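Visitor: Can you read through this structure? Questions will come right after.
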Amino acid sequence: MKLIEPTMEYDREIQAFRSEFLHPGMSMDGGGSLIRFANTAEWLERVEACRRPETVPEGRVPSRQFIFVREEDRKVVGIIQIRHPLNDAHLNWFGHIGYSVAPSERLKGCATQMLGLVLPICREMGIRRVLITCIEGNEGSKRTILKNGGVYESTVYQAEMDRYLERYWIDLGA
C-alpha cells in the first residue's frame, strides 16, 4: 500500500472509490468533497485550490489530500486529508485529519495503516498535536485513532450534523 497525492493517473480508480459511496446513508469523510465530483479533473482543481490559503473556499482551511493505493491492482482503498491551520469550526469539531476507507475494504486495517503513514507528514508540516474526531459510536474509527496513539479528550455535540463527536489528540512530539 502507498499513500500518494491524487493525480489524473488514477482517474478511473478515484471514480471507482467514489462510486462505493453513492448509496443512501454513506458518507465520505476526508474526501475533499470528492463525493460531489463525477469528474476527477474538476475535483483535482478543488484539491489544488484547497492547498493554498489565498484560494481555499470560504469557511475551509488549507488542506493536503492523499489517496491510499493498493499497489498490485492500483485500487484506491482509502482517502485522507490533513487540514492546517485550523479555524474555530475545525478546532471545535472536525480536527486536523479526516479519512474514509472504501466499504469493500473495511475491517482489513487499512485506516490504521493510512493514518499511521500520514502522521509523519503532519509532523513535517509543523503540527505537533493532531486533533482527530469521530462520530460517537463509530468503533472502527475510534480503534484506528487509538492504535495510532490517540488520547480521548471529550465528546462534543455538533448541531449542524446533529451528532456527537469524540475528540482525540495524537502527540507527535517536538
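The values are calculated or read from the model by the stated rules, or taken from the named source; none is laboratory data. Source: prediction; values computed, not measured. Backbone-built Cβ (ideal geometry, glycine too); neighbour counts: all protein chains shown.
Visitor: Could you list, in sequence order, the residues of segment 98-148 that are at pLDDT 95 or above, more than 11 Å from the chain's Cα centre (by Cα) and of a type in the set (Val, Ile, Thr)?
Guide: 112, 121, 127, 130, 144, 145
Visitor: Considering 5, 9, which residue is at pLDDT 95 or above and over 22 Å from residue 95 (Cα atoms)?
Guide: It is 9.
Visitor: Then there is this: Take the residues of segment 50-97 that are under 21 Å from residue 4 (Cα atoms) and of a type in the set (Asp, Glu): which is nearest to the chain's Cα centre (by Cα)?
Guide: My answer is 71.
Visitor: Filtering segment 138-167 down to residues that are of a type in the set (A, V, I, L, M) and surrounded by fewer than 14 Cβ atoms within 10 Å (Cβ to Cβ), which residue is nearest to residue 119 (Cα to Cα)?
Guide: Looking at the filtered set, the residue picked out is 151.
Visitor: Restricting to segment 105-137, what's the tally of residues that are crowded, with 16+ Cβ neighbours inside 10 Å and farther than 17 Å from residue 173 by Cα?
Guide: 8
Visitor: Look at segment 1-39 and say how many of its residues are over 22 Å from residue 84 (Cα atoms), assigned to a helix (DSSP H, G or I), out of contact with any Pro (no Cβ under 8 Å at 6 or more places or on another chain) and of a type outside the set (Gly, Ala, Ser).
Guide: Matching residues across segment 1-39 total 10.
Visitor: Same structure again: Would you please name the residue that is surrounded by the fewest Cβ atoms within 10 Å (Cβ to Cβ), looking only at residues in segment 29-39 that are more than 13 Å from residue 65 (Cα to Cα) and touching a helix residue (DSSP H, G or I) at 6+ places or on another chain (Cβ under 7 Å)?
Guide: Ranking the candidates gives 35 first.
Visitor: Determine which member of the set 121, 127, 132 is of a type in the set (A, V, I, L, M) and part of a strand (DSSP E or B).
Guide: 132
Visitor: Also, quick follow-up: All but one of (1) buried (at least 19 other Cβ atoms within 10 Å of the Cβ); (2) part of a loop (DSSP other than H, G, I, E, B) hold for residue 65; state the number of the condition that does not hold.
Guide: Exception for residue 65: condition (2).
Visitor: How many residues does segment 68-97 contain that are among the aromatic types (Phe, Trp, Tyr), surrounded by 20 or more Cβ atoms within 10 Å (Cβ to Cβ) and at pLDDT below 90?
Guide: Qualifying residue count for the region: 1.
Visitor: Continuing with the same structure: Answer yes if at least one residue in segment 19-28 is touching a Lys or Arg at 6+ places or on another chain (Cβ under 9 Å) and among the aromatic types (Phe, Trp, Tyr), and no otherwise.
Guide: Checking segment 19-28: not a single residue is touching a Lys or Arg at 6+ places or on another chain (Cβ under 9 Å) and among the aromatic types (Phe, Trp, Tyr).
Residue by residue, here is whether (1) outside any helix (DSSP H, G or I); (2) free of Cβ contacts under 8 Å to residues at least 12 places away in the same chain holds:
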position	(1), (2)
73	yes, yes
76	yes, no
80	yes, no
89	no, no
93	no, no
98	yes, no
104	no, no
107	yes, no
115	no, no
